[in-house]
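Single-structure report; data block below.
The values are calculated or read from the model by the stated rules, or taken from the named source; none is laboratory data. Source: prediction; values computed, not measured. Neighbour counts are summed over all protein chains in view; Cβ atoms, including those assigned to glycine, are modelled from backbone coordinates with ideal geometry. Surface areas here come from the heavy atoms of the whole protein model, side chains and all, with no ligands, DNA or RNA. Shrake-Rupley method; radii C 1.70, N 1.55, O 1.52, S 1.80 Å.
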Amino acid sequence: MHNRGMKYDASLSESDLELFDALQENPRASWADLSRRLGVSAPTVRRRWGRLEETGSAWISTYADMNSGVINASVRVKCQPGMTLCVAEELTRIPEVLSVSEMTGSFDLQLVVMTEEMSRFRMVAHERIGSIPGVAEVHSALMTIVFHEGSAWKTGALAARSENVQALGRAPNSQFLGSRVRAVLGVLERAGRAPAEHVAAAIGTSKAHARRIVSALIQKGILTQRVDLAAEDSSWPHGLALWMISPADELLANAAHVRRLQRTRLCAALGGGECNLFAIVWLHSLEESAEVEHQVIKGLGISVVDRAILMHHYKRMGHLLDATGRHVGHVPWVAAVEG
């Protein structure tokens, strides 16, 4: 635990954070390209990343792009007293439940759920989540547009970092997750930097063609890759979740403001609930939560309906985390799509 008033001392070095930002620009960049970007030797870059992966301090997530036509939802779960940990552990086993976070407030757990179609989401919400022993309430809202998510977030360690982030409100991609796309995702969601020969073997093609396919799927917005850091090792140990109401005619402009904040981890329009705008922003310390909330809504016609501190992540985009927030495993989403 971090005592009130203490400055958070992250265990990652500035060079680790620079590597994080460089990989965030292109998670499958070659060691040679990363070497030129960072000004150190390729073996040094490879060794640094290997250390971060081995200790569970950083990892690469690959998933269906959240604006590619899949169903995304923000789901809040209220648990019976004393059952939060048991419920969270059960939720992490559900492939479609990509993220599970424990939070303060009237609800105990915040989930991100992704399914390929609406009927599957309804099944997951009612039959999988709602039926877990210890679950008292399940409240869901669909993410109708994801304006900003973790693949566009950087620490700011690289001064000349790329600003090539997702376009605001990009139209959904019309290509469904066909068998070849699923095969590629099945390889990359387990290991984001998997060698081309592993992808080639999965789809029955040459290494060169496999590289082209992976590049095209990411560039076309069918698959997304991002680098994640263990909260305990970063200078952003806490998250603030905000459920907000924006005037409908100002929603896009307000979302554009929220997504531009360097702290913003997730910003999405919500449908089917009381609120129409949802954001998660990183915090250096608990003391700054009120100030950061003010930064999010300052000068906008936005009202905050509910707020919560994200205290711990059990699972993030399919990856399982231990008590310290470090990577310890993965639950494949593709298995659920194919099941």
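Computed over segment 231-339, the range of Cα coordinates on each principal axis works out to 42, 38, 21 Å, biggest value leading.
Residues GLU149, GLU137 ordered from highest to lowest accessible area at a 1.4 Å probe: GLU137, GLU149.
For LYS220, list the aspartates and glutamates whose Cα falls under 19 Å from its own Cα; do not include residues on the same chain fewer than 8 positions away. The qualifying aspartates and glutamates are GLU25, ASP65, GLU116, GLU149, GLU163, GLU189. DSSP loop GluC sites (Glu not before Pro) in segment 244-303 with at most 12 other Cβ atoms within 10 Å of their Cβ, which ones? When the GluC sites (Glu not before Pro) of segment 244-303 are filtered for loop state and at most 12 Cβ neighbours within 10 Å, GLU274 remain. Can you work out the FRET efficiency for the pair ASP306 and GLN262, with r the C-beta to C-beta distance and R0 = 35 Å, to the nearest 0.05? In this case the efficiency is close to 0.90. Put a plus charge on the Cβ of each Lys and Arg, a minus charge on the Cβ of each Asp and Glu, and nothing anywhere else: the dipole of segment 210-306 about its Cα centre is then about 800 debye.
In the set [x] 41; [y] 46; [z] 58, the label that goes with percent of Cα pairs over 28 Å apart computed for this structure is [x]. Dividing the summed -39500 (n - 2.57) terms of all DSSP H runs of n ≥ 4 by the residue count of the chain sets its mean residue ellipticity at 222 nm at -8500 deg cm²/dmol. For segment 1-129, the Kirkwood estimate of the hydrodynamic radius, built from every pair of different alpha carbons, is 17.9 Å.
Magnitude of the charge dipole for the chain, about its Cα centre and with charges confined to Cβ atoms of Lys, Arg (+1) and Asp, Glu (-1), is about 1080 debye. Annotation for segment 249-339: trypsin sites (Lys or Arg not before Pro) lying in DSSP loop with at most 13 further Cβ atoms inside 10 Å of their Cβ are LYS298. Separation of segment 271-288 from segment 237-262 is 8 Å, based on Cα centroids. Run the simple label-point estimate for THR324 and GLU274 please: 7 Å along Cα→C-beta, distance reported in nm. The modelled label-to-label distance comes out at 3.9 nm.
A dipole drawn for the chain from +1 and -1 charges on Cβ atoms has a positive end, and of ILE222, GLN295, SER119 the residue lying farthest that way is ILE222. Positive end of the dipole of the chain (Cβ unit charges, origin at the Cα centre): among TRP59, ILE145, ILE245, the Cα lying farthest that way belongs to TRP59.
Charge tally for ILE71 (other residues, Cβ to Cβ under 11 Å; Lys, Arg +1; Asp, Glu -1): -1.
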